[in-house]
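Each remark here refers to the structure printed beneath this line.
Coordinate-derived values only; no laboratory data. Bear in mind that the values here come from a model prediction, so they are computed numbers and not experimental data. Here the Cβ positions follow ideal geometry from the backbone for every residue, glycine too, while neighbour counts run over all protein chains shown.
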Amino acid sequence: MTLQLGILLSAKRYRRLLSVQTDSWRTAALTHERTSGVRLLLAPPTHLQMDAAGTRMAAATESGWREDVVEPIPRVFYNLLVRPVPAEARALRDLNGDQRVVLFNETNRWDRSMINGILAAIPETQSLVAPGEPFGLNPPGPGLCLVAPTRRSLRDGALLVETGMGGRIRYTDLHDGRTGTVVRKEWPQSLPLRVAPRHLQLEYLSGWPVGPEGPVEWRFYLHRGETGAWAVAGSVAKRDAIRIGSPRERCWPLAEALSLTFGAEGPALAGRLQAAALSVMEGVALFLPGIAHAALDFWLDQEGRPTLVDLAGRFRLDWLTRAGESRAYQRLWEHPVHFAQLLARTGVEKLHVDFGRSWGR
Amino acid sequence: MWISVVAGAASGADLQLPPGIRTDAPGRTYLRYGIGRVGVSVARPESLGRPDRPGMGQHPDFPAPVIIRPEIIRKLCIRTEPVYRMLLAPGGIEIGPVLGLLLGNRNHWYTGSYLNREPERVAEVGRRTGGLMVAFSPRTLSLRDGCAYGLFFDPTRSQWSYGALPIPSIVHRRSFHQPPHSIERLWELGVQVFNSRRYTKWELYQILSRDEQLRRHLPETAAVTDGREVFDMLGRHESLVLKPSELSRGRGILFVSNDDGHFRVQDCRSGSAPVTTRLDPEQLAAFLAGEIADHRYLCQAKIELATIDGAPFDIRVVMHRTPNWQCTGMECRLAGPGQLVTNIAHGGRALWLEDAVQEAFGDAAAPTLVREEAVELARRVCHLLEHTGESFGEFGIDLALDQRGNMWFIEANVIPTFHGFESLDRATYRRLLAAPLLYAGHLAGFDVWGG
């Protein structure tokens, strides 16, 4: 029997997809319909009429996405909205409360302090998060510190701050790579803050991030698959959020970048990083059981110690193709579709923490 | 007895009671914590000498240490941060209370800072009951792991932190965004859930109207199916109020009144000043068919509420189980300028009952009698709702006086907010926030009201 999987996206993106002839989503949808019998149907959550017999959604055809009344209405939905407008947020909330429906990935944005708080509580992951504190009027103590926005990505307003002897504070704006110096009494008013101080937090780092040709983020793309277990769909080393000294963005296959940076220790480090990425998502999913995908960015210091610096629900996929990981792109679509098949079989009550791995119990 | 839990070697046993404690607990007994229970060996108290210091264990600031083997702590998910009470009974030893706040399924929403919005509640409960407060969602309750993944209040850091936590024995339901089977699952586990159900306005009306005494306090009400009910009632009443059966806080309300062969619709749904339109019968029928029918509305004869300077007010009676139903707070809510609904969320303001009655009626009404009647009516509502078989710990009951001083029942909220009290009296506000959790502590078997 064909499973209908509703893909929720913003009204803006929906309109854009309807107007184009070719796109990778449509190719993925057609492939899935042929190979796994899953029909992907697009709609903004605000368009859904769950109490009606049918509702307007877009299905993939050979010539483009075509909108039509879909009957019966899908009962499994995968949310890909990142910044829903209030009406979309309300529609998502209603859908989440609808007993007939399994909605997974209800949100793609997580509070940074929440993620760090969860990981700090889990024995296997507590070493992966930098000890943090709220951003305040007092400057940080000696050492290297990340000033990170709690609800946005690092590129949107993070600073790397290093407090040296004599109280001089050197900062690097991760948005544009610019650097500067302030003295303690100028903290925080002289910092180039792009985010309100109440939405920032301080995270103490073990050392400067490293990578081939300057610091990079070590990224892992993770998804839940057909058993509900987490799997790595792809990985890449990229210079994106952190552009210190070398502002051009660039990427490498992760294994290659690790070997370039850490020599013979690279392969072992790759295994440890992958295990760390899986532990992070297994841990996070205990507290956020509806989560179905994420991109994780680590920094590595000179000793190869990883720190998780970002966990994102919306992410650029072109890094994978640029790093020659085109098969990973396909896996990014396959896993959630298989997860949806699992949820369709088990029902809403199984969108539950016991899908994941337990820890320390 | 107030105790602190210390992980350590318990004199060769699983658990070592504080020095000098008198107990009938045998060498081997059960240790209960939340819904968890394990068999433990207990180091005999007589071998442990006299109490170190007099008064130890008599006050939360001076708890007596109970040493528990780390394996037992892990097995029962015992948190060592809070100060607990300990109950000794022939059936075993209980450490607690472990109280739960049941959150909804929007797990990403419930952060530590979200829960910290009510620090007074936590502080007050901590002082009175001790024990562990756990906030979790049905989706993060793990039967496999025997724990709830959620947040607990850590008094040593004065903040909510994440952890693998014990499943509480008593749960205060703080959200109704959970599927019904998740509540049934909790009951099956032996968890007592109170505030187990939220009745819609229509269900409430049906339950309360079966009671003869209450019926005369209920405005005539009908469920709107196709709009004909509205026309029928407009034949008998000058004005009606249309309310969504499932919403609260004054959301979605409209007023419809006869207007010289036409109908005046005052639409308060935007939340700002009401939008007034004049419709002929066909237009009203079309409006009702398009915007009201199929939206689970009910229509109710409009009560001409008593007013202060032209602004209507109603009465919020807060009822709590302490352990019997008791009025713990009463305030009046005066509609904001230009508003027809009285909710604070719509710009209304709170005032004491005595002041409101005095300003509205002068010497024509006695505030004491109004208070007594309101409490009596509210208590009757609580008893009737409890007799439906559900379990409740608090209600915010909205009543109103009409311009002749007759009292009417408007609504019963199972998870009321206390914004009015927040501005009127912080001490009352703190008491109201803490009351359901104190009741939870009582249900868990601990003395929270001093005997």
Can you work out the Karplus-derived ³J(HN,Hα) for every residue in segment B:188-200? Use 6.51 cos²θ - 1.76 cosθ + 1.60 with θ = phi - 60°, whole Hz, and x for glycine or proline. 4, 6, x, 8, 8, 10, 10, 6, 6, 8, 10, 7, 6
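Using +1 on the beta carbon of Lys and Arg, -1 on that of Asp and Glu, and nothing else charged, what's the dipole of segment B:220-301 about the Cα centre, debye to 20?
With Lys and Arg at +1 and Asp and Glu at -1, about 380 debye.
What size of dipole, in debye to the nearest 20, comes out for the protein assembly as shown about its Cα centre when the only charges are +1 on Lys and Arg C-beta atoms and -1 on Asp and Glu C-beta atoms?
On the way: 94 positive and 88 negative charges, 445 e Å.
Roughly 2140 debye for the protein assembly as shown.
Inside 10 Å of the C-beta atoms of A:121-134, what's the mean count of C-beta atoms belonging to other chains?
Numbers: counts 8, 4, 0, 0, 0, 0, 0, 0, 0, 0, 0, 0, 0, 1.
Going residue by residue through A:121-134 and averaging, the value is 1.
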Tell me what chain A gives for mean residue ellipticity at 222 nm when only DSSP H runs of n ≥ 4 count, each as -39,500 (n - 2.57), the sum divided by the residue total, rounded to 500 deg cm²/dmol. -8500 deg cm²/dmol
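If N is the number of residues in segment A:1-122, what value comes out of its Cα radius of gyration divided by 2.2 N^0.38 Å? Mind dumping the intermediate values first?
Details: Rg = 15.6 Å, N = 122, 2.2 N^0.38 = 13.7 Å.
Cα Rg divided by the expected 2.2 N^0.38 Å: 1.14.
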Just grab the label-to-label distance for B:E71 and B:R210, each label 7 Å out from Cα along the Cβ direction, in nm (one decimal). 5.4 nm
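Within the P(r) computed for segment A:188-229, what percentage of the Cα pairs occupies the region above 11 Å?
Values: 694 of 861 pairs.
More than 11 Å apart: 81 percent of the Cα pairs in segment A:188-229.
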Amide H within-cut-off set for B:V171, under 5 Å, with H built and near neighbours excluded: B:G100, B:Q192, B:V193, B:F194
Under the 7 Å Cα-to-Cβ spin-label approximation, B:Y114 and B:D280 lie apart by a distance in nanometres of 5.1 nm
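For the protein assembly as shown, state the semi-axes of the equivalent ellipsoid (square roots of 5 times the eigenvalues of the alpha-carbon gyration tensor), sorted largest first and rounded to whole angstrom.
Working: eigenvalues 451, 316, 139 Å².
In descending order, the three semi-axes are 47, 40, 26 Å.
How large is Rg over Rh for segment B:220-301, taking Rg from the Cα atoms and Rh as the Kirkwood inverse mean of 1/r across Cα pairs?
Values: Rg = 11.5 Å, Rh = 12.5 Å.
Reported Rg/Rh (Cα atoms, Kirkwood Rh): 0.92.
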Going by C-beta contacts inside 10 Å, put A:L222, A:L128 in order with the fewest on the left. A:L128, A:L222
Where does each of B:K75, A:K185 land when they are ranked from fewest to most other beta-carbon atoms within 10 angstrom? A:K185, B:K75
Exposure proxy ranking, count of Cβ atoms within 10 Å, fewest first, for B:I303, B:I95: B:I303, B:I95
Segment A:136-233: projected area of the alpha-carbon convex hull, averaged over directions, in nm²: 8.1 nm²
Among B:147-159, B:215-227, how do they line up from the highest to the lowest mean number of other beta-carbon atoms within 10 Å? B:147-159, B:215-227
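What fraction of the Cα pairs in segment B:99-194, stated in percent, has a spacing above 22 angstrom?
Details: 997 of 4560 pairs.
It works out to 22 percent of all Cα pairs.
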Gain in span if fully extended, B:M1 to B:E291, counting 0.36 nm per residue against the direct Cα distance: 98.5 nm
Share of pairwise Cα separations in chain B, more than 32 Å, in percent: 47 percent
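What Kirkwood hydrodynamic radius do you get for chain A when you take the inverse of the mean 1/r over all pairs of distinct Cα atoms, in Å?
21.7 Å
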Simple spin-label model, 7 Å along Cα-to-Cβ: A:T181 to B:D309 in nm? 6.1 nm
Residue-ordered couplings for segment B:371-385, obtained by feeding phi - 60° into the Karplus form 6.51 cos²θ - 1.76 cosθ + 1.60 and rounding to whole Hz (Gly and Pro as x), are 4, 4, 5, 5, 5, 4, 5, 5, 5, 5, 4, 4, 5, 5, 5
If I take R0 = 30 Å and measure r between the Cβ atoms of A:R272 and A:H199 in this structure, what FRET efficiency does the formula 1/(1 + (r/R0)^6) give, to the nearest 0.05? 0.40
Taking placed amide H atoms and a strict 5 Å upper bound, the residues 5 or more places from A:G234 or on another chain that come that close are A:Y221
